Amino acid sequence: MASRVFILGAGFSKQAGMPLATEITPFLLDKFRKYDIQEMLQWFEFLKQRIDWLNQKSSSLENTINIEQVFDLAKFDIESWRLKQHKCPLGRNAGDTPWGVAEGIDTWLSYMEEDLVEIIHEQQKVAENNIQTIINFAECLRKDDVVLTFNYDTLLEKAFFLIGKKWNHGFQKDQSSGVTICKMHGSIDWLIMRRNTSSHFNTIKLLFRKEDKNRNNQQDEKLTGELEYDYELARIYNDKLEAFVRGRHLQHQNSQFLFALAGLGSYKPLHRVPGMGVVWLNGMKALLDTEQIYVIGFSLSSFDNMARLQFAGAMCSREDKKKSRPSVTIIDPRADDLITEFKSCFGSGTLIEPRKKRAEEVVDWSVELK
């Protein structure tokens, strides 16, 4: 049974200097410019113009939008160009066609997702020098606590390493494995690799490999088309991440590995990360069992509909089992405004205590986490 469950969002890592979703977009724009594709920048400028129109405001390209929103609305742009192909007198691949424009936008989005790995890594290297408040938080966690983090960074894991405290990702948990950290959207130090290849590297650790009773699981088979079986999930050792990030383009071309980030936008194809089902099942089980939930820097935005639906499912299961609702503490500068959002997931009768403060403003976590 989970002692307490902690739900962490971008506001938790912000205390060490990690960027929020609105602050990542300018970094990605800088990466955009290195490709020197004018059509790509023109498309983004037009997308920004329309978003400003909808929001009834005007802002510069640098003072830009939530990167999740960019990906969300870009999908509709792609669909719009594909519709224009219906009136095009040429075939989809016959030169400069609307379909080609749609494919171009899709390609640009893939560039941005690849660059996201480098941006998170660069920002994390700086943030690691400012994690004392995260260390203070880690010191107050108990071995049976469960953390559900929607962040890609590994600052919390770094804090555990520095204080010599045990933790696990929930894949091979035992009685002495410490705090469980469920990375709900993946992690900057996770790799998706072809089945049975992680053992070829002495710098990574296998996290998940699916077993299938109808197959010879150790045999190096041809791809079956079942991603969760054909690939496995591994974790890079702490001091080797730099080398993997530097070599990601070459390795991607050789199909040796991909970084296990769920993606951007409201729909994240989590099933493409082998073992992610285990992460979510463990997370929801913790919510089903616990009596105390702390939400830190997680606003349950419109881009977190998967979390909304799964949280609601866990609460429905509690109702079916006649279990009382857990108490919820929200630590966020906008805590008062978030009460309605969290009651929609955890139930209108849920006791929610708002604490209007940033994570870095918590002086003593041992007092805050009663």
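The values are calculated or read from the model by the stated rules, or taken from the named source; none is laboratory data. Please read all numbers here as calculations on a predicted model, not as lab measurements. Glycine also receives a Cβ, built like all others from the backbone with ideal geometry; neighbour counts cover every protein chain displayed. Just the protein is used for accessible areas: all its heavy atoms, side chains included, with ligands, DNA and RNA removed. Shrake-Rupley method; radii C 1.70, N 1.55, O 1.52, S 1.80 Å.
So the values come out like this:
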{"read-out": "Count of the stretch 218-230 residues which are open to solvent by less than 60 Å² (accessible area, probe 1.4 Å) and either in contact with a strand residue (DSSP E or B) (Cβ under 8 Å, 6 or more places away or on another chain) or farther than 22 Å from GLY170 by Cα (or both)", "value": "3"}
{"read-out": "Number of the condition not met by LEU258 [criteria: (1) under 21 Å from THR180 (Cα atoms); (2) part of a strand (DSSP E or B); (3) out of contact with any Lys or Arg (no Cβ under 7 Å at 6 or more places or on another chain)]", "value": "(1)"}
{"read-out": "Subset of the stretch 331-370 [of a type in the set (Val, Ile, Thr), free of Cβ contacts under 8 Å to residues at least 12 places away in the same chain and within 24 Å of MET18 (Cα to Cα)]", "value": "VAL363"}
{"read-out": "Residue match in the stretch 91-109 (condition: exposed (fewer than 15 other Cβ atoms within 10 Å of the Cβ) and among the hydroxyl-bearing types (Ser, Thr, Tyr))", "value": "yes"}
{"read-out": "Residue that is in contact (Cβ under 8 Å) with a residue 12 or more places away in the chain, of a type outside the set (A, V, I, L, M) and surrounded by fewer than 18 Cβ atoms within 10 Å (Cβ to Cβ), where the choices are ASP189, ASP153, ASP144", "value": "ASP144"}
{"read-out": "1 or more residues among the basic types (Lys, Arg): qualifying helices (runs of 4 or more DSSP H) within the stretch 59-154", "value": "67-84, 98-127"}
{"read-out": "Breaking point among (1) without any contact (Cβ under 8 Å) to a residue 12 or more places away in the chain; (2) touching a Phe, Trp or Tyr at 6+ places or on another chain (Cβ under 9 Å), for ASN55", "value": "(2)"}
{"read-out": "ASP320 being open to solvent by 70 Å² or more (accessible area, probe 1.4 Å), of a type in the set (Asp, Glu), over 24 Å from ARG142 (Cβ atoms) and over 25 Å from the mean Cα position of the chain (by Cα)", "value": "yes"}
{"read-out": "Conditions (1) touching a residue at least 40 places away in the same chain (Cβ under 8 Å); (2) touching a Lys or Arg at 6+ places or on another chain (Cβ under 8 Å): number failed by LYS210", "value": "(2)"}
{"read-out": "Selected residue (criterion: modelled with the lowest pLDDT) from residues of the stretch 210-251 that are assigned to a helix (DSSP H, G or I) and of a type in the set (A, V, I, L, M)", "value": "LEU250"}
{"read-out": "Selection from the stretch 110-135 of residues that are out of contact with any helix residue (DSSP H, G or I) (no Cβ under 7 Å at 6 or more places or on another chain) and either more than 21 Å from GLY247 (Cβ to Cβ) or loosely packed, with under 14 Cβ neighbours inside 10 Å (or both)", "value": "SER110, GLU122, LYS125, VAL126, ASN129, ASN130, GLN132"}
{"read-out": "Qualifying residues in the stretch 161-186 (those that are hydrophobic (A, V, I, L, M, F, W, C) and open to solvent by 10 Å² or more (accessible area, probe 1.4 Å)) - the one nearest to LEU8 (Cα to Cα)", "value": "TRP167"}
{"read-out": "Single match in GLU23, GLU68, GLU39, GLU79 (criterion: open to solvent by 90 Å² or more (accessible area, probe 1.4 Å), acidic (Asp, Glu) and at pLDDT 85 or above)", "value": "GLU79"}
{"read-out": "Answer from ALA312, ALA286 - the residue that is buried (at least 22 other Cβ atoms within 10 Å of the Cβ) and touching a Cys at 6+ places or on another chain (Cβ under 9 Å)", "value": "ALA286"}
{"read-out": "Filter result for the condition that a residue is open to solvent by 80 Å² or more (accessible area, probe 1.4 Å) and either of a type in the set (Val, Ile, Thr) or modelled with pLDDT of 95 or more (or both), over LYS87, LYS34, LYS57", "value": "LYS87"}
{"read-out": "Pairs where the first residue, in the stretch 24-50, is among the basic types (Lys, Arg) and the second is part of a helix (DSSP H, G or I), C-beta under 6 Å, 6+ apart", "value": "LYS31/ASP115"}
{"read-out": "Output for the stretch 337-351, where each listed residue is open to solvent by 20 Å² or more (accessible area, probe 1.4 Å) and more than 25 Å from the chain's Cα centre (by Cα)", "value": "SER348, GLY349, LEU351"}
